[in-house]
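**Student:** The structure follows.
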Amino acid sequence: NKMDLKRLVAVLNGVFGRNAASDSSSLVLDLSENTMGKTDLLLGAQKLGDRKLELTAVAMNSAVGTYLAGLDTNASLYRPSQGAATLPTYNGRTVVEDDTIPYDASTGVATVYLFGRGAVALNEVPEKVPYETDREKLKGNDILITRHAGICHLRGYAWTGTSSGEAVTDGGPTNTQLAVAANWNRVYDAKQIRCVKMLVKIA
């Protein structure tokens, strides 16, 4: 759901901020100085060297997906006039579009993530009271309250706790805390991290 995706984007901001700042082998490729070309995703995958084929999916803002559709007319991107909707592919990788992934329309700079299978751990955590009802009697409103808890984690990075000493509530770190680079530490070799971050610029 959208809440999980926002949490994942916060985690990615944190771990890749750490990676770019202090890890010896960066998994961030910044190509935002020049307009995106149709082979740029291949350059991003090359960050994993001989393990690049393990990156089987690419996630991007829908604006980037639209740009790629016009950039390479031979790619297997979804076109409504050609049939029913299916997950598109580009450079042989499944494309996932979601507008939660950052894109700045004023500069044209967008974030793109390349993922391998199992890169992200996403698990449900049981809630003590997952559903609850209430009623605003004077207004005649019936209210259904739902609670959802889960773990969202990029494998290969360890949460070290908040560097500023901010309290973490029973619900876990906030998205703001997850997005802080200093709260993470990479514990796997770079080639074992099945995720690469790219910054690209679309026209």
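**Student:** Excluding Tyr103 itself, calculate the net charge of residues whose Cβ lies under 11 Å from the Cβ of Tyr103, where each Lys or Arg counts +1 and each Asp or Glu counts -1.
**Tutor:** Working: positive: Lys201; negative: Glu97, Asp98, Asp99, Asp104.
Charge balance in the 11 Å sphere: -3.
**Student:** Starting at the first residue of region 28-44, write each ³J(HN,Hα) from the Karplus equation 6.51 cos²θ - 1.76 cosθ + 1.60 with θ = phi - 60°, in whole Hz, x for Gly and Pro.
**Tutor:** Using θ = phi - 60°, the values come out as 10, 10, 9, 10, 7, 6, 10, 4, 4, x, 6, 9, 4, 5, 5, 5, x Hz.
**Student:** Could I ask something else about it? Through the Karplus equation 6.51 cos²θ - 1.76 cosθ + 1.60, θ set to phi - 60°, convert the phi angles of region 197-203 into ³J(HN,Hα) values in whole Hz; use x for Gly and Pro.
**Tutor:** Running phi through 6.51 cos²θ - 1.76 cosθ + 1.60 with θ = phi - 60° gives 9, 10, 10, 10, 10, 10, 6 Hz.
**Student:** Return the distance in nm (one decimal) between the two label points of a simple spin-label model at Tyr131 and Thr66, each offset 7 Å from Cα along Cα→Cβ.
**Tutor:** Here the modelled spin labels are 3.9 nm apart.
**Student:** Full-extension gain between Ala105 and Val187, please, as 0.36 nm times their residue separation minus the C-alpha to C-alpha distance.
**Tutor:** Numbers: separation 82, 0.36 × 82 = 29.52 nm, distance 3.50 nm.
Full extension of this stretch gives 26.0 nm more.
**Student:** Turning to a different aspect of this structure: Let me spell out the model: positive unit charges on the Cβ of Lys and Arg, negative unit charges on the Cβ of Asp and Glu, origin at the Cα centre of the chain. What dipole size does that give, in debye rounded to 20? Write down the numbers at each step before the final one.
**Tutor:** On the way: 22 positive and 21 negative charges, 69 e Å.
Once rounded to the nearest 20, the dipole reads 340 debye.
**Student:** Please list, ordered by chain and number, the residues whose modelled amide H lies under 5 Å from the amide H of Val95; skip anything fewer than 5 residues away on the same chain.
**Tutor:** Val58, Thr89, Tyr90
**Student:** Kindly express, to the nearest 10 degrees and within the range 0 to 90, the angle between helix 62-71's C-alpha long axis and the longest C-alpha principal axis of the chain.
**Tutor:** 20 degrees
**Student:** Before rounding to the nearest 500, sum -39500 (n - 2.57) across all DSSP H runs of length at least 4 in the chain and divide by the residue total; then give [θ] at 222 nm in deg cm²/dmol. Mind showing how you got there, number by number?
**Tutor:** Numbers: 4 runs with 41 residues, N = 203.
Only helices count here, giving -6000 deg cm²/dmol.
**Student:** Check which residues have an amide H placed less than 5 Å from Tyr157's amide H, if you skip close sequence neighbours.
**Tutor:** The list, which skips near neighbours in sequence, is Val187.
**Student:** Could you run the Karplus curve 6.51 cos²θ - 1.76 cosθ + 1.60 with θ = phi - 60° over region 101-112 and give me ³J(HN,Hα) per residue in whole Hz, x for Gly and Pro?
**Tutor:** For region 101-112, the Karplus-derived couplings read 6, x, 8, 9, 5, 6, 10, x, 7, 9, 9, 10 Hz, x marking Gly and Pro.
**Student:** Something else about it: Going by alpha carbons, how many degrees (0 to 90, nearest 10) lie between the helix axis of 2-22 and the longest principal axis of the chain?
**Tutor:** 60 degrees
**Student:** Let me ask something additional. With r as the distance between the Cβ atoms of Arg147 and Thr94 and R0 = 35 Å, compute the FRET efficiency 1/(1 + (r/R0)^6) and round to 0.05.
**Tutor:** Details: r = 31 Å, r/R0 = 0.90.
The formula returns an efficiency of 0.65 here.
**Student:** Which of Ser26, Ser106, Ser163 moves most in a GNM of the chain, Cα contacts under 10 Å?
**Tutor:** Looking only at Ser26, Ser106, Ser163, the biggest GNM fluctuation is shown by Ser106.
**Student:** Follow-up question, since we're still on this one. Suppose the chain between Glu124 and Thr56 were pulled fully straight at 0.36 nm per residue; how much longer would it get relative to their current alpha carbon spacing? Provide the component values of the computation, followed by the final result.
**Tutor:** Values: separation 68, 0.36 × 68 = 24.48 nm, distance 2.39 nm.
Gain on extension, Glu124 to Thr56, equals 22.1 nm.
**Student:** Rank Leu27, Leu43, Leu87 by mean-square fluctuation in a GNM of the chain with C-alpha springs under 10 angstrom and give only the top-ranked residue.
**Tutor:** Residue with maximal mean-square fluctuation among Leu27, Leu43, Leu87: Leu87.
**Student:** May I ask you to give the percent of accessible area on region 82-203 that is carbon plus sulfur, with a probe radius of 1.4 Å?
**Tutor:** On the way: 3820 of 7480 Å².
Roughly 51 percent, rounded to a whole number.
**Student:** Considering only Cα-Cα distances, which of the following residue pairs are longer than 32 Å: Lys128/Lys191; Lys6/Lys52; Lys6/Lys128; Lys38/Lys191? Please list the in-between numbers first.
**Tutor:** Numbers: Lys128/Lys191 39 Å; Lys6/Lys52 26 Å; Lys6/Lys128 23 Å; Lys38/Lys191 24 Å.
Among Lys128/Lys191; Lys6/Lys52; Lys6/Lys128; Lys38/Lys191, the Cα-Cα distance tops 32 Å for Lys128/Lys191.
**Student:** Next up: Of Ile145, Ile101, Ile193, which has the largest mean-square fluctuation in a 10 Å C-alpha GNM of the chain?
**Tutor:** In the Gaussian network model the winner is Ile145.
**Student:** Once you have a ≥ b ≥ c as the square roots of the Cα gyration tensor eigenvalues for the chain, tell me rounded if a/c is under 1.5, and otherwise prolate or oblate according to whether a/b is larger than b/c.
**Tutor:** Oblate shape, in that a/c is at least 1.5 and b/c is the bigger or equal ratio.
The values are calculated or read from the model by the stated rules, or taken from the named source; none is laboratory data. No experiment lies behind these values; they were computed from the predicted model shown. Heads up, the Cβs are rebuilt from the backbone with ideal geometry, glycines too, and the neighbour counts pull from every protein chain shown. Just the protein is used for accessible areas: all its heavy atoms, side chains included, with ligands, DNA and RNA removed. Shrake-Rupley method; radii C 1.70, N 1.55, O 1.52, S 1.80 Å.
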